[in-house]
1. Does the stretch 35-54 contain at least one residue that is among the charged types (D, E, K, R), more than 13 Å from the chain's Cα centre (by Cα) and part of a helix (DSSP H, G or I)?
2. Being touching a strand residue (DSSP E or B) at 6+ places or on another chain (Cβ under 9 Å) and either closer than 20 Å to Lys131 by Cβ or aliphatic (A, V, I, L, M) (or both), is that true of even one residue in the stretch 45-59?
3. Here's a check for you: in the stretch 22-75, which residue that is small (Gly, Ala, Ser) and farther than 23 Å from Glu126 by Cβ is surrounded by the most Cβ atoms within 10 Å (Cβ to Cβ)?
4. Taking the condition surrounded by fewer than 16 Cβ atoms within 10 Å (Cβ to Cβ) and not acidic (Asp, Glu), does Pro78 pass?
5. Mind telling me which of the residues Ile141, Ile106, Ile69, Ile58 ends up being assigned to a loop (DSSP other than H, G, I, E, B) and of a type in the set (Val, Ile, Thr)?
6. Take Arg147 and tell me if it is farther than 19 Å from Val16 by Cα, free of Cβ contacts under 8 Å to residues at least 60 places away in the same chain and surrounded by 12 or more Cβ atoms within 10 Å (Cβ to Cβ).
Amino acid sequence: MNIQEIYYEDYEIGHVRETFGRTITETDFVVHAGHTGDFFPHHMDAEWCAKQDFGQRIAHGTMVFSIGIGLTASAINPVAFSYGYDRLRFIRPVHINDTIRTRLTIDRKFPDPKRDGMGQVFEKCEVLNQKDETVLFAEHIYLVQMRGEGAPA
């Protein structure tokens, strides 16, 4: 795991990074259902799904979010902390054998109104499938330490 100090001033609006892909498996469906208790037929019953308009099992949105965000965990930044996610949307279904990856774009930033020496950095998170279609969107908010004067001690 890579450790990098990236301060508020270092984040550039428009900077894009993209993760490697990960293929979704039936095991992912089963494990996620077991963790969450969500055994709805949309996710678990292949025969029932085959008779529906969508024709096959659909991944849990929370699983796509977890895996998509997990793919982004490639570096530890000791001067930044996740403040949460906003605007989460499940845009298209994900199915067994789809491959997803995540594209992250720094969208905007501003000094944190409650914490001296800290800034908020907003990052657009788009989870894409193998067809380059967006399947999930969320906005990640970081609290990031500023350099120099006003920075927390």
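Bear in mind that the values in this text are calculations on the coordinates, not laboratory data. These numbers come from a predicted model, not from an experiment. For neighbour counting, all protein chains shown are included, and Cβ atoms are generated from backbone atoms with ideal geometry for every residue, glycine included.
1. So far as the stretch 35-54 goes, yes, one or more of its residues are among the charged types (D, E, K, R), more than 13 Å from the chain's Cα centre (by Cα) and part of a helix (DSSP H, G or I).
2. Scanning the stretch 45-59, I find at least one residue that is touching a strand residue (DSSP E or B) at 6+ places or on another chain (Cβ under 9 Å) and either closer than 20 Å to Lys131 by Cβ or aliphatic (A, V, I, L, M) (or both), so the answer is yes.
3. Ala33
4. The answer is yes for Pro78.
5. Ile58
6. No.
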